[in-house]
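Following: one structure in C-alpha cells, then a few remarks.
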Amino acid sequence: MQRILITGGAGFIGSHVTDLLVAAGHEVAVVDNLSTGKREFVPAAAQFFPYDIKDQNTHELILDWGPQVIIHHAAQMSVQVSVGDPLLDARENILGSLNILQAAARGQVRKFIFASTGGAIYGDEAPVPARETDPPRPESPYGIAKLAVEHYLHFYHREHGIIPVSLRYANVYGPRQNGLGEAGVVAIFTEKFLAGEQPVINGDGLQTRDFTYVGDIARANLLALSHPEAGSFNVGTGRETDILTIYLQLQKLTGSPQGPVHGPAKPGEQRRSSLNYELAREVLGWQPQVSLEEGLSQTVAAFRGR
C-alpha cells in the first residue's frame, strides 16, 4: 500500500484512476477545485480536498499529508483555450504544476506520475504512429506547456531525486467525459445524439485520432506506480480512426436518425494522430485491452444512465 495524492481526481480521467487506486488498497487523497470535475466521482474511501493546484493550501497539504506518490491530472485541458489565451494556459498547466513540484521536493515525494499528452506534443511533422524517440514539436500552447512540465520533471529528478513518469495520452474517451466545450468528439456526439440534437463534424471528418478507452488509461497509471525509473511513455492504441467513422458508429449505437452534417474545419487542426505504444508494453507491461467498438458501446450505455 502506498500513500498517493492525485490532483484532478474528481475529473474525467482522474476519477477513473482514483477508483483503481482505491480498489488496489492504496491510501488516496484527491485535490480538485471542481471547475470541471464532480464531487460524486470521488469514491468514499478517498479523502477529498477542494483546492486549486496553484494555491498555497495545496502546497501545504502535500507537506502535511506526506504522500509517497503524486499523480498529477489537474490541468487546463482545451487546446483552443490555450491558443486563445496562452497566459491562462501557462498559469494553470505550468505554474500550477510547479507549485505541486516545489511541494513534492520539500516533502520528499518519491515518485511523480504526470498526465502528459501524445496527441498535442509531437505535432504534424511526426510519423504516424508517433514514437517517444520522435522529436516533440508541439504547435499549441497546451502541448508546449505539457512538454515544458516534462522538462521540469527532468530537473526535479536530477536535483531532488523525484522519479518522474510521464504518460503521453492519446485521445481519451469513455464514461464521465463532459460533452461541453472542447471535450472529445465521442462525448460531444453522444450527448447530442441522445438529446435528439444534430452533432456537427468539423471539416470533412477524415482527420484521424487515436481513441483510447479511459479504463485502459487508468491501468497505465497503476502500472506506472511500480516502475522504478524515470521515463516518458505513449499510452494509445496505435490505431487511427477518422471522425466520420466515430460519428457513424455512435449514430448507430444511439439509434439516432441524425445523419452527418459538416461545418467549417477548425483552423490549424492536426490532420492525423496516433501513438505507438511498444515502449509502454515492453517496460510497463501495458497495452490497450478495450476495443473501440466495445469502448463506444460502454460509453453510450453510461451516458444513457446519467
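Can you tell me how many residues within segment 69-80 are over 18 Å from Leu167 (Cβ atoms) and either open to solvent by 60 Å² or more (accessible area, probe 1.4 Å) or at pLDDT 95 or above (or both)? Result for segment 69-80: 1. Looking only at segment 250-285, filter to residues that are surrounded by 13 or more Cβ atoms within 10 Å (Cβ to Cβ), among the small types (Gly, Ala, Ser) and more than 21 Å from the chain's Cα centre (by Cα); which one of those is farthest from Val79 (Cα to Cα)? Of everything passing the filter in segment 250-285, Ser256 is farthest from Val79 (Cα to Cα). So which of Leu248, Leu279, Leu296 is without any contact (Cβ under 8 Å) to a residue 40 or more places away in the chain and either among the small types (Gly, Ala, Ser) or in a helix (DSSP H, G or I) (or both)? Criteria check complete, one pass: Leu248. Condition check: hydroxyl-bearing (Ser, Thr, Tyr), assigned to a strand (DSSP E or B) and under 15 Å from the mean Cα position of the chain (by Cα). Does Ser116 satisfy that? Against the criterion (hydroxyl-bearing (Ser, Thr, Tyr), assigned to a strand (DSSP E or B) and under 15 Å from the mean Cα position of the chain (by Cα)), Ser116 qualifies.
Pairs are defined by a Cβ separation below 8 Å, a sequence spacing of at least 6 or placement on different chains, a first member in segment 22-50 that is closer than 13 Å to Ala74 by Cβ and open to solvent by 40 Å² or more (accessible area, probe 1.4 Å), and a second member that is hydroxyl-bearing (Ser, Thr, Tyr) and in a loop (DSSP other than H, G, I, E, B); the pairs so defined are Asn33/Tyr51. Checked against the criterion of being among the charged types (D, E, K, R), modelled with pLDDT of 95 or more, out of contact with any Cys (no Cβ under 6 Å at 6 or more places or on another chain) and open to solvent by 60 Å² or more (accessible area, probe 1.4 Å), segment 133-154 has no qualifying residue. Quickly run through segment 232-268 and pick out the residues that are farther than 24 Å from Lys146 by Cα and of a type in the set (Gly, Ala, Ser). Hits for segment 232-268 are Gly255, Ser256, Gly259, Gly263, Ala265. Out of Glu197, Glu229, one residue alone is charged (D, E, K, R), out of contact with any Gly (no Cβ under 8 Å at 6 or more places or on another chain), within 30 Å of His154 (Cβ to Cβ) and assigned to a loop (DSSP other than H, G, I, E, B). It is Glu229.
Taking the criterion of being touching a strand residue (DSSP E or B) at 6+ places or on another chain (Cβ under 9 Å) and either open to solvent by less than 40 Å² (accessible area, probe 1.4 Å) or modelled with pLDDT under 95 (or both), would at least one residue in segment 81-90 satisfy it? Please lay out each step first, then the result.
At the first step, the residues of segment 81-90 found to be touching a strand residue (DSSP E or B) at 6+ places or on another chain (Cβ under 9 Å) are none.
Scanning segment 81-90, I find no residue that is touching a strand residue (DSSP E or B) at 6+ places or on another chain (Cβ under 9 Å) and either open to solvent by less than 40 Å² (accessible area, probe 1.4 Å) or modelled with pLDDT under 95 (or both), so the answer is no.
Mind counting the residues in segment 1-21 that are open to solvent by 40 Å² or more (accessible area, probe 1.4 Å) and part of a helix (DSSP H, G or I)?
Of segment 1-21, the ones open to solvent by 40 Å² or more (accessible area, probe 1.4 Å) are 1, 3, 19-20.
Among the residues that remain, those that are also part of a helix (DSSP H, G or I) are: 19-20.
Matching residues across segment 1-21 total 2.
Taking (1) at pLDDT 95 or above; (2) open to solvent by 20 Å² or more (accessible area, probe 1.4 Å) in turn, Gly96 satisfies each apart from (2).
I'm trying to understand the selection: among the residues of segment 256-276, which are in contact (Cβ under 8 Å) with a residue 40 or more places away in the chain, farther than 22 Å from Ser166 by Cβ and not aliphatic (A, V, I, L, M)? Talk me through it step by step, then tell me what you get.
Initially, segment 256-276 is screened for residues in contact (Cβ under 8 Å) with a residue 40 or more places away in the chain, giving 256, 258, 260-266, 268-276.
Now drop any that are not farther than 22 Å from Ser166 by Cβ, which leaves 256, 258, 260-266, 268-269, 271-272.
Ser256, Gln258, Pro260, His262, Gly263, Pro264, Lys266, Gly268, Glu269, Arg271, Arg272, listed by residue number.
Name the residues in segment 146-192 that are among the small types (Gly, Ala, Ser) and either over 18 Å from Ile70 (Cβ atoms) or in contact with a strand residue (DSSP E or B) (Cβ under 7 Å, 6 or more places away or on another chain) (or both), would you?
First pass over segment 146-192, keeping only residues among the small types (Gly, Ala, Ser): 148, 161, 166, 170, 174, 179, 181, 183-184, 187.
Once the filter is applied, which keeps residues that are among the small types (Gly, Ala, Ser) and either over 18 Å from Ile70 (Cβ atoms) or in contact with a strand residue (DSSP E or B) (Cβ under 7 Å, 6 or more places away or on another chain) (or both), segment 146-192 yields Ser166, Ala170, Gly174, Gly179, Gly181, Ala183, Gly184, Ala187.
Going by the conditions given, is Asp210 acidic (Asp, Glu) and open to solvent by 20 Å² or more (accessible area, probe 1.4 Å)? In short, no.
Of all residues being part of a loop (DSSP other than H, G, I, E, B) and in contact (Cβ under 8 Å) with a residue 60 or more places away in the chain in segment 161-178, which is farthest from Asp216 (Cα to Cα)? Just the residue, please. The qualifying residue farthest from Asp216 (Cα to Cα) is Ile162.
The values are calculated or read from the model by the stated rules, or taken from the named source; none is laboratory data. Predicted model, so just to flag it, every value in this text is computed and none were measured. All Cβ positions, glycine included, derive from the backbone under ideal geometry; neighbour counts span all protein chains shown. All accessible areas refer to the heavy atoms of the entire protein, side chains included, with ligands and DNA or RNA removed. Shrake-Rupley method; radii C 1.70, N 1.55, O 1.52, S 1.80 Å.
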